1. Report, for the protein assembly as shown, the % of DSSP beta bridges that are antiparallel, rounded to 5.
2. Taking θ as phi - 60°, what are the ³J(HN,Hα) couplings along region B:44-55 by the Karplus curve (6.51, -1.76, 1.60), each to the nearest whole Hz, with x for Gly and Pro?
3. When the dipole is taken about the Cα centre of the protein assembly as shown, and only Lys, Arg (+1) and Asp, Glu (-1) are charged at their Cβ, what size is it in debye, to the nearest 20?
4. Determine the distance separating the Cα centre of region B:113-185 from the Cα centre of region B:192-210; give it in Å without decimals.
5. Using each residue's phi in region B:251-260, evaluate 6.51 cos²θ - 1.76 cosθ + 1.60 at θ = phi - 60° and report the 3J(HN,Hα) Karplus result to the nearest Hz, with x for Gly and Pro.
6. To make sure I understand, if each residue's beta carbon is the centre and we count other beta carbons within 10 Å, what order do A:Asp182, A:Asp170 fall in, fewest to most?
7. What residues qualify as long-range amide H neighbours of A:Ile92, i.e. H under 5 Å apart, gap of 5 or more or another chain, H built at 1.01 Å from N?
8. Can you list residues from other chains, or at least 5 along the same chain, whose modelled amide H is less than 5 Å from the amide H of A:Val57?
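Any read-out appearing in this document is the output of simple, stated calculations on the displayed coordinates, not a laboratory observation. Because the structure is predicted, anything quoted here is derived from the model rather than measured. As a convention, Cβ positions derive from the backbone with ideal geometry for all residues, glycine included, and neighbour counts pool all protein chains shown.
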Amino acid sequence: MRPALEVDRLMSNVLALSEKHALSVDRLTVAFPHGDQLLLALDGATLEVQRGEFVCVVGASGSGKSTLLNVLAGLDRPSAGRAHVHGRVALIFQESALLPWLTALGNVELALELREVRRPDRRDIALELLHRVHLDGFENRRPHELSGGMKQRVALARALAQDADVLLMDEPFASLDAISRDLLHGELERIWRESRLTILFVTHNAREAVRLGDRVMVFTSRPGRVAHEVAIDLPRPRSLDSPELAVIAGRITDRLQHEMSNGG
Amino acid sequence: MAVELAPDLRLPEAAPTIGKPIREWLAGAWSSLWPKLGAILVTLVIWQAVVWSGWRPPAALPGPWPVLERLAGDLGHADFYLEIAVTLRRAALGYAVAVVAGTLVAILIARIKLARRAVGSLLVGLQSMPSIAWFPLAILLLQRSEGAIALVVLMGAAPAIAAGLLSGMDQVHPLLIRVGRAMGADGLRLYRHVILPAALPAFVGGLKQGWAFAWRSLMSAELLVVTGNQISIGQQLQSARSAPDAQQLLAWMVVIFVIGVVIDGLFGALDRSVRRRWGLLRGDQ
C-alpha cells in the first residue's frame, strides 16, 4: 500500500473517532468529461459539518451542489481533494425516487432488508417509521397513489430506516406546493431534533435555507466552491414569513445574484 | 386530503344493494365485448358475401355456417383435443426454454460490456430473421424430431424476449439505481431489488412478442414436418388441404385464430396488471 493512501486511511479513522465532525470536505474538485474537454463542477470546495448540525447549501443551478452530495454519498469520485462522511449516509432527492412497484410500507421494508434487519422485525419497524412521518393509513398505497408531499414523507421514513448518521438532501421539496412544503419543513425539523441526525440540505431557495439551517453555505456557480457562510441565530421553529428571516434570505439572494453575474 | 375522505363518503351509498356491482361489472364487460362481437359479425357477413358471389366453388371455399357446423362436430371428438394438446405442449415447451434462454442472455449482455458489444447487434439481426429459416438446419442437426421443432420455436421467441428485458434494463431510471446503491444494494442485490423489477413491464412486453413469434414459428414448423405418430394442428391443416377438405381446413384455421386471441388476451391482462401496479396506467383502463 502506498504511504499516502495509508495516511489517508488513518486520518479518516481519526476523524471518524472524533465525535465532532459528521462530514468534512477538503478542497474538493470534481471534473466531468464534456465532449473533448473537462467540465469543472466543483473547484476546491471546503466545508465541515458537525455532528447533529443542520447545514444548508444554497447555490444557483450549475453550482455543483448535487455533485457535492453525490461525492459524499460515494456515487461520484473526487478528481482532487477529499470528502468524508463519518457514518452511514442516506439520500433524499427532489423526485422521491421510491420504487414504484412497492407500497409505502414495502419501500421502507426494503431499506431494512438491505440493512439485514431480521424479517420478523421489519414490518413493525417500518410501520413505526411511517407513523413517525404521519402516514398512518397510507402504508399500502403505491407511490403513484400518493401526493408529492406524502411521497417525500415515505422517502424520509425510508432514509430513517437506513439508520443513517448523515442525511443528504438534494432539493427535496422543490417540486411541492407551498403548503406541503411548509408542513414538511416542520416535520423535517422535528425529526432532526428527535433523531439527532446530521443534515446537509441543498436548495436554490434562500428562504428555505434560512428557515431550516443552523448555517447556510452560499456556493458560487461554475465551478462551485463555498463563497460565503452565514450562521442563522433565529430561534426555532422559524416561520418562512417572518421579517427577520426575509432580511437574512434577502442578503443571501443578493449574494447569489452577485456570484451569478460574476460567474456568468 | 380528499383521498382520505372519499371512501367514507361513498360507504352509505354502496351498502344497501349488493347486486349493483355485479350489474355494473356486466355492463362494463358488455361495453368492451360488443365491438369485438360486431367485428366478428362483419367478418362473417363479408365471408358469406364472397361465397355467395360464386368466386370459387363451395368445395374450395365453403361458407361460415358449414365450417362452424363442422367445428361444432369436431368439439365432440376426443382426438380434436388431443391434437390441440400436442401443439400446445410443443408451444409451451419451446416457449419455456426460450424464456429461460432469453432471460439469461439478456442478463449476461447487461452484465458484461464486451458481451454487449459483441451480441447486441447480433440480437437485432436474429430478431428480424424469420425463424423458419432455422428449420432446414434444425432438421440436419436433429432430424425430423420434436427437438427440431423446439429449436425453431426457441430461435423465434428467445431474441424478442432477450431484447425486451434488455431494453427494460437499459431504461431503468438512473435515480432508482442511485437510490438502490445508496441503500446498500450492490451487484446481485441491485439486480434483484431494483433493476429487474424496474424492467418487468418491458420484460412482459418482450414475453408477449416472444409468444407471438413462438406461435408463428410452431405453425410453420408443424406444416413442414410430421414427427412420429403425434398428430398436431399443423399436420391436420396439411391433411385437410391434401384431402381436400376445405370445411375442415377452415375449421382448424378458426381454432388457430381462437387460440391466438385467447393467449394474447392473457398476455394483455398480465401486461395491464403489471403496468397498473407499477403506476404506468392511469385509472381503470
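1. Given both bridge residues lie in the protein assembly as shown, the antiparallel proportion sits at roughly 50 percent.
2. So the Karplus estimates, Gly and Pro as x, are 4, 5, 5, 3, 4, 5, 5, 4, 5, 5, x, 4 Hz.
3. Using only the charged Cβ atoms, the result is roughly 880 debye.
4. Distance between centres, Cα-based: 13 Å.
5. 4, 5, 5, 4, 4, 4, 4, 5, 4, x
6. A:Asp182, A:Asp170
7. The list, which skips near neighbours in sequence, is A:Leu168, A:Met169, A:Asp170.
8. A:Phe201, A:Val202, A:Thr203, A:Met217
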